[in-house]
Amino acid sequence: MALAAGLYSKQASALPATALRPPGALAEGDFLAACVRCGLCVRDCPYDTLKLAELGDGVASGTPYFEARKIPCEMCEDIPCVVACPTGALDRALTDIGDARMGLAVLIDQENCLNFLGLRCDVCYRVCPVIDKAITLERIHNPRSDRHAMLLPTVHSDYCTGCGKCEKSCVLPGESAIKVLPIRLAQGSKAEHYRRGWEEKEAAGQSLIGDQVELPVRGLEDKAYGDTRVRPGEGPQPGDAVPARPAGSGLDSGWKP
Amino acid sequence: MSAQTTTQARQVPPTSVRGAAMRGVVARPGQEAIEAKGWLRAHKWLLLRRLSQLGILALFLVGPWFGWWVVKGNLASSLTLGVLPLTDPFVLAQQLAAGHWPYREALLGGGIVLAFYLLLGGRLFCAWVCPVNLVTDAAAWLRRRLGLKGGKVPSGSTRYWLLGFVLVIAAVTGSLAWEWVNPVSMVHRGLIFGFGLAWGIVGAVFLYDLLIAPRGWCGHLCPQGAFYGLIGRSALLRVSAARRSACNDCMDCFAVCPEPQVIRPALKGAGQDHPLILDGDCTTCGRCIDVCGKDVFRISTRFDRSES
Ligand code: SF4
Ligand code: SF4
Ligand code: SF4
Ligand code: SF4
Ligand code: SF4
């Protein structure tokens, strides 16, 4: 019986990936020791975000959670859910909702996200209450059209609260392309053995290996070191004679079977 | 069938619990009382109790239903009129066992509730508040009406073992493990916040009481009832069989009592000389007062040892 109860509690403490705890919730293990399932947090949430799990929901029955795609957390400044909790399952040390970590947004479907297709949807970015910090649009070259940019919504874990506003407002008709996941699922572990040169440099105040030798690049001698951009009129023009290539050199060796 | 009943009745003393249970099988307890004092007086405490149970439920429900927020939360922890915190000390005990020290509100709320039941009677909770009592009372009623007999009743002390188990499992798993299945909180929460599959648990309790063990859940298993029974050990409010000399051995009180073993010492003077029901398991439901045609019982205090 003890074993069954133990197994059951273990199984029940595994939250489904779409179930997010309210702001300020203790780590799941501690939360399950603290929350008495009273629903006072649910009652004081002005947006009906939170609900108490019913038996069969896959979340420990009676504990509060929300699903971002249904109703996200609106990040109330006064955090009424935390204030209402009588047990400390929601920790009152959380006074700035920007410090909440309910989960972490992940742009999970890069095949269907409209911005990844090269369009300007931007909705997830625009609705983010922590816009330009938690989520930014990173401009990169669009290799498909070769002449446009792609603005990729990119989430930053230092600021994302996991409120789920982005997931809620993703315009895709069914599942969202951006999803808030429990942080444990959303983040990989750090590659501690890999030294990030740029961080080391910043920490040391200078490059650890001294200044690098700047070798000139043929044809770009008049440009700043590292600038490889070629403006119209520069470089070989259409109609320029293609310099003859010695046979058997280069990528095309001219070999035929 | 009747011949069998009479031979059985001969072997089992009628004033024993089993005797009462067997008589309950064939009787509609309280008929005599209805004739003697009228239907209303023969159901007075029952009606008051239902009023209390449903009234408390209604207080919790008018908020979500009509937006009149008198009480928020549920029996586990609630806030009345925005000022009065109340917390179930049973949940609080589990929480402490699981290793979490709650905020002041929860402790204060738990203290208030604990003081109330310590003072007045622990299992008042069972008879006057707990929503599962409606379910198990219904099962007991139907069982009597259908004349269902026998069954396998676990020992009455099982609930105390279960109570210990609940606290141990909370400590071992570091979580409120019992609250995943506790029918008491589940029913109350279900009514207010939505049931999900919790109906299954209500149904299981009902069927268990109806078909397998008479008064099985509340009288033998429920660790929450056991908890309140323990805190009510020295409570003030007690039922007294004050006019026990008038008892005509109809046994109706035994048939309706959810904890029939508590009556005998008081009514028959078994092992005690006063008529007070001091056993913590008595829920102070007052049903024995209702069904007694001779007005043997009354609600009194633990200091009132008088007989009349
Ligand atoms: S911060 Fe506001 S919207 Fe978010 S869960 Fe709490 S009360 Fe609801
Ligand atoms: S208010 Fe606190 S104890 Fe109550 S359900 Fe919410 S998190 Fe749990
Ligand atoms: S969950 Fe989305 S909307 Fe909310 S802070 Fe993170 S990126 Fe912004
Ligand atoms: S014994 Fe348990 S289920 Fe029965 S009335 Fe008491 S608390 Fe409720
Ligand atoms: S002795 Fe009377 S008051 Fe006590 S539980 Fe039995 S019927 Fe109820």
The residue from A:LEU104, A:LEU20, A:LEU117, A:LEU40 that alone is more than 15 Å from ligand 2 (Cβ to nearest atom), touching a strand residue (DSSP E or B) at 6+ places or on another chain (Cβ under 7 Å) and not charged (D, E, K, R) is A:LEU104
Checked A:SER145, A:SER157 against criteria (touching a residue at least 24 places away in the same chain (Cβ under 8 Å) and either open to solvent by 40 Å² or more (accessible area, probe 1.4 Å) or of a type in the set (D, E, K, R) (or both)); the one match is A:SER157
So, first residue over 12 Å from A:ALA60 (Cα atoms) and among the aromatic types (Phe, Trp, Tyr) in the range A:29-47, second residue more than 6 Å from ligand 2 (Cβ to nearest atom) and in a loop (DSSP other than H, G, I, E, B), Cβ within less than 7 Å, six or more apart or across chains; the pairs are A:TYR47/A:ILE71; A:TYR47/A:GLU74
The residue that is nearest to ligand 4 (Cβ to nearest atom), considering only those in the range B:224-240 that are open to solvent by less than 10 Å² (accessible area, probe 1.4 Å) and part of a loop (DSSP other than H, G, I, E, B), is B:GLY232
Filter the range B:161-184 for residues that are closer than 13 Å to B:ILE201 by Cβ and at the interface with chain A (Cβ under 7 Å from one of its Cβ atoms); the one that is nearest to the chain's Cα centre (by Cα) is B:GLU179
Taking the range A:160-185 and keeping only residues that are of a type in the set (Gly, Ala, Ser) and either within 16 Å of ligand 1 (Cβ to nearest atom) or open to solvent by less than 30 Å² (accessible area, probe 1.4 Å) (or both), one is left with A:GLY162, A:GLY164, A:SER169, A:SER176, A:ALA177
- [ ] Test B:GLY121 against the criterion of being touching a strand residue (DSSP E or B) at 6+ places or on another chain (Cβ under 9 Å), away from chain A (no Cβ under 12 Å) and modelled with pLDDT under 90, and give yes or no.
- [x] yes
Practice item. Answer with yes or no whether A:ASP44 is at the interface with another protein chain (Cβ under 10 Å from one of its Cβ atoms) and more than 25 Å from A:CYS170 (Cα to Cα). Key: yes
In the range B:185-214, residues that are out of contact with any Pro (no Cβ under 7 Å at 6 or more places or on another chain) and facing chain A (nearest Cβ under 10 Å) total 12
Log entry, pairs with first residue in the range B:21-38 being farther than 13 Å from B:ASP290 by Cα, second being of a type in the set (Phe, Trp, Tyr) and modelled with pLDDT of 80 or more, beta carbons closer than 9 Å, six or more apart or on different chains, reads B:ALA21/B:PHE254; B:ARG23/B:PHE254; B:GLY24/B:PHE254
Checked the range B:126-145 for anything more than 13 Å from the chain's Cα centre (by Cα), closer than 23 Å to B:PHE90 by Cβ and not small (Gly, Ala, Ser); matches are none
Every listed condition ((1) without any contact (Cβ under 8 Å) to a residue 24 or more places away in the chain; (2) touching a Ser or Thr at 6+ places or on another chain (Cβ under 6 Å); (3) of a type in the set (A, V, I, L, M)) holds for A:LEU52 save (2)
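The values are calculated or read from the model by the stated rules, or taken from the named source; none is laboratory data. These figures come from a predicted structure and were not determined experimentally. Here the Cβ is made from the backbone with ideal geometry for all residues, glycine too, and neighbour counts use every protein chain on show. Surface areas here come from the heavy atoms of the whole protein model, side chains and all, with no ligands, DNA or RNA. Shrake-Rupley method; radii C 1.70, N 1.55, O 1.52, S 1.80 Å.
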